[in-house]
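Visitor: The structure that follows is given in the form of structure tokens.
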Amino acid sequence: MKLTDISNDINDWFSGSGPLADIVVSSRIRLARNLAGHKFLHSCSIEEKSKILEQLKAVLMSLDLGDEVFYFSVDQAPALSRSFLVERHLISRHHAMAKGPRGVVIARREFFTAMINEEDHLRLQVLMPGCQLSACVEQIDRIDNDVEKHVDYAFNPRFGYLTACPTNLGTGIRVSVMLHMPALKMTGQIEKFLAAAKDMNLAVRGLFGEGSEATSDLYQISNQVTLGVSERSIVSNFESSIIPEMVEYEKIARRQLLAKQVDILDDKIARATALLQNANLISSQEALSLLSHLRLGLNMREHMQASTPAIDRLCALKNQNAGADPDRGLSIRTINRLFMLTLPAHLQLNYGKSLDAAHRDALRAKIIRQALHQPT
Amino acid sequence: MQCQVCNKRTATIHLTEITDGVRHEMHICEQCAAEQGIAAQSQMSINDLLSNLLASQPSDDELLGGGDEVSACPNCGFTLDRLQKEGTLGCPHDYEVFQHSLLPLIQHAHNGSTTHCGKVPSKVPHDTKKLVELSSLRQELERAIREEDYERAAELRDRMKQQE
């Protein structure tokens, strides 16, 4: 399989479906594992890294995941392909930039990836759309058990699964959810959410790491404690306490926008729609920010029956990508598709060659204009 | 709240007993509790319960067999000063070799915890698995008591009894 086979569409975890999808964009669980009898990656020779890579690659490729699985050699891939994998959350930025023999095993539908020789020998990851942490933990547990049939993990009765960095020790689990919080920002209350996350001992990052949350309004929150709490307890705490509280913050802010600041809401959505429909040049940052407002407008109509002149105009737009059903309105899936397909590496991979920033801005604006253009 | 026995003094002891899934609550003052010998017979304070639990935690020796104070790991040659520079350890043995030095760091990173709770690889020997499972139950019980979730605490206590 080639990367261009998947680069023309969004992946399942970003499809805008699943429980609580108007706020919880996706759920992700990652497990850090190391093989017994080997040094941690940072201290390994190239030969040892290659040996680990070959062993884990063979095991992972033999698993029955109910989907086509392919292997991608990260150290031999061009920079553009590595950036593409980062944009789709299939590998970490660290894995893309690291050195030495390393790779990734990816399920065709992208719900599962396994990074080999990242910071740990193995990082398993399961991603699903909406709020689906229980399903994620069930799936990753099954895959982890299957891998363990073929290898010996580094484990110690007191410290649990041994990881290269002591901060991942114990369960080695990192549970995260991606939240779309535009109303909190519009109402100037994002600090409230960040303070609550800090109190709950959670790490907060943007869609693409530190700093990117300011433009896309997408926040990734994850547990920091991995030792002394079971996998099930961490997941259950997210599902019963953390997620409902965070979702409620954003819901209150959305209701507040409708009740007291409807002019601001309407103006933001009207400007975003007009700019995206007419701009000739648009940067990635600007596109993320404006598309976030469109997503808010569509979700508020669907879940709160919100009606403002700008939301009404937005909802009257026909979906240019609806295929057999051209009369269908603009969907969250279309917005997310534009969001992902206009990211720098996606643009260039789909265009077939590398483009400088100015050309990317023009191509991005053109793709978005076409998608939001209304035939008369 | 008034004492359910003398109906005069303020109830300062709140007892919750769960037997065969049925919950009984009792609110009494300290004097009546002492007179009836309730506190001594069937209940203990949360502090006592926690200290008993902590005292029954498996020692390092039971779990790991103790760690030697050496400057470099005999398996990989890793020295602790590299942890500050590189952010990672050299090999899985470093957790035993540098256990004493690493404990404060581990405790700090994991909200005070230094003992694993959760999944155990299926290949781990049965006795080790049982030890980790007991330790997990004990930690869950501590949490349930802290959160005053007595139904859950009772359920965990019964599960621990079955395991022992």
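Visitor: Starting from segment A:133-230, pick out the trypsin sites (Lys or Arg not before Pro) whose DSSP state is loop and whose Cβ has at most 14 other Cβ atoms within 10 Å. Before the final figure, lay out the partial values.
Guide: On the way: sites: A:142, A:149, A:158, A:174, A:185, A:192, A:198, A:205; in loops: A:149, A:158.
Those that pass, being in a loop and sparsely packed, are A:149.
Visitor: With a 1.4 Å probe and every protein chain left in place, work out the accessible area per residue of segment A:20-94 in Å², rounded to a whole number. Walk me through the numbers on the way to the answer.
Guide: Details: 3070 Å² over 75 residues.
Here the per-residue accessible area is 41 Å².
Visitor: Considering every residue in B:105-115, what mean count of other chain Cβ atoms within 10 Å of its Cβ is obtained?
Guide: Values: counts 3, 8, 2, 2, 10, 11, 6, 3, 7, 6, 7.
Per residue, the average neighbour count from other chains is 6.
Visitor: Additional query: Under a Cβ-Cβ cut-off of 13 Å, what is the net charge of the residues other than residue B:160 that fall near it, where Lys and Arg count +1 and Asp and Glu count -1? Mind dumping the intermediate values first?
Guide: Numbers: positive: B:130, B:138, B:152, B:157, B:159, B:161; negative: B:133, B:140, B:142, B:155, B:158, B:164.
Combined, the nearby Lys, Arg, Asp and Glu give 0.
Visitor: Share of chain A's accessible area from carbon and sulfur, percent, 1.4 Å?
Guide: Details: 7240 of 14640 Å².
Within chain A, the accessible surface is 49 percent carbon and sulfur.
Visitor: In Å² (nearest 100), what accessible area is buried between A and B, both sides summed, heavy protein atoms only, 1.4 Å probe? Write out the running numbers ahead of the final one.
Guide: Details: alone 16290 and 11410 Å², together 24330 Å².
Between A and B, the summed buried area is about 3400 Å².
Visitor: Also, quick follow-up: Using a 10 Å cut-off around each Cβ of peptide A:240-252, what is the average number of partner chain Cβ atoms that fall inside?
Guide: Working: counts 0, 0, 0, 0, 0, 0, 0, 0, 0, 0, 0, 0, 0.
Neighbouring Cβ atoms belonging to other protein chains average 0 per residue here.
Visitor: Counting heavy atoms of the protein chains only and a 1.4 Å probe, report the per residue accessible area for segment A:255-365 as a whole number of Å². Can you show the working numbers first?
Guide: Numbers: 5190 Å² over 111 residues.
That works out to 47 Å² per residue.
Visitor: If you don't mind, there's one more thing I want to ask. Averaged across the residues of A:39-50, what count of C-beta atoms belonging to other chains lies within 10 Å of each residue's C-beta?
Guide: 4
Visitor: Right, here's the next one. Over all alpha-carbon pairs in segment A:82-137, figure out the percentage whose distance exceeds 14 Å. Intermediate results must be reported in sequence, preceding the final value.
Guide: On the way: 808 of 1540 pairs.
Tail of P(r) above 14 Å: 52 percent of Cα pairs.
Visitor: How tilted is helix A:357-372 with respect to the longest principal axis of chain A? Cα atoms for both, answer in degrees (0 to 90, nearest 10).
Guide: 60
Visitor: Right, next: Run the quick spin-label model on residue B:127 and residue A:305: label points 7 Å from Cα toward the beta carbon, then report their separation in nm to one decimal.
Guide: Rounded to a tenth, the inter-label distance reads 6.8 nm.
Visitor: Ranked from highest to lowest mean number of other Cβ atoms within 10 Å per residue, what is the order of the peptides A:50-62, A:24-36?
Guide: Values: A:50-62: 17.1, A:24-36: 24.0.
Listed from highest to lowest mean packing, they are A:24-36, A:50-62.
Visitor: If you don't mind, there's one more thing I want to ask. Starting from segment B:76-164, pick out the trypsin sites (Lys or Arg not before Pro) whose DSSP state is loop and whose Cβ has at most 10 other Cβ atoms within 10 Å. Display every interim value, and only then the final one.
Guide: Working: sites: B:82, B:85, B:119, B:123, B:129, B:130, B:138, B:143, B:146, B:152, B:157, B:159, B:161; in loops: B:119, B:123.
Counting only loop positions with at most 10 other Cβ atoms within 10 Å, none of the trypsin sites (Lys or Arg not before Pro) in segment B:76-164 qualifies.
Visitor: Still on this structure, please answer the following. Under 14 Å from the Cβ of residue A:133, count the other residues' Cβ atoms, weight Lys and Arg +1, Asp and Glu -1, and hand me the total. Walk me through the numbers before you get to the answer.
Guide: Numbers: positive: A:28, A:30, A:174, A:232; negative: A:138, A:141, A:231, A:239.
Value of the local net charge: 0.
Visitor: If you take every residue apart from residue A:267 with its C-beta less than 15 Å away from the C-beta of residue A:267, what net charge results, scoring Lys and Arg +1 and Asp and Glu -1?
Guide: Values: positive: A:185, A:260, A:268, A:271, A:313; negative: A:263, A:266, A:312.
Within the 15 Å Cβ shell, the charges total +2.
Visitor: Let me ask something else about it. Taking all pairs of distinct Cα atoms, average 1/r, flip it, and tell me the Kirkwood hydrodynamic radius of segment A:179-256 in Å to one decimal place. Could the numbers behind the result be given before it?
Guide: Working: mean 1/r = 0.0767 Å⁻¹.
One decimal place: 13.0 Å for the Kirkwood radius.
Visitor: Using the basic label-point model (7 angstrom from Cα toward the beta carbon), what is the residue A:232 to residue A:256 distance in nanometres?
Guide: 3.8
Visitor: Separate question: Report, to two decimal places, the Cα Rg of the protein assembly as shown normalised by 2.2 N^0.38 Å (N = number of residues).
Guide: Values: Rg = 27.1 Å, N = 540, 2.2 N^0.38 = 24.0 Å.
The value comes to 1.13.
Visitor: Which of the GluC sites (Glu not before Pro) found in segment B:105-156 are loop residues per DSSP with 12 or fewer other Cβ atoms within 10 Å of their Cβ? Write down the numbers at each step before the final one.
Guide: Details: sites: B:133, B:140, B:142, B:147, B:148, B:151, B:155; in loops: B:147, B:148.
Qualifying residues, ordered by number: B:147, B:148.
The values are calculated or read from the model by the stated rules, or taken from the named source; none is laboratory data. The structure presented is a predicted model; accordingly, all values stated were derived computationally and were not measured. Neighbour counts are summed over all protein chains in view; Cβ atoms, including those assigned to glycine, are modelled from backbone coordinates with ideal geometry. Just the protein is used for accessible areas: all its heavy atoms, side chains included, with ligands, DNA and RNA removed. Shrake-Rupley method; radii C 1.70, N 1.55, O 1.52, S 1.80 Å.
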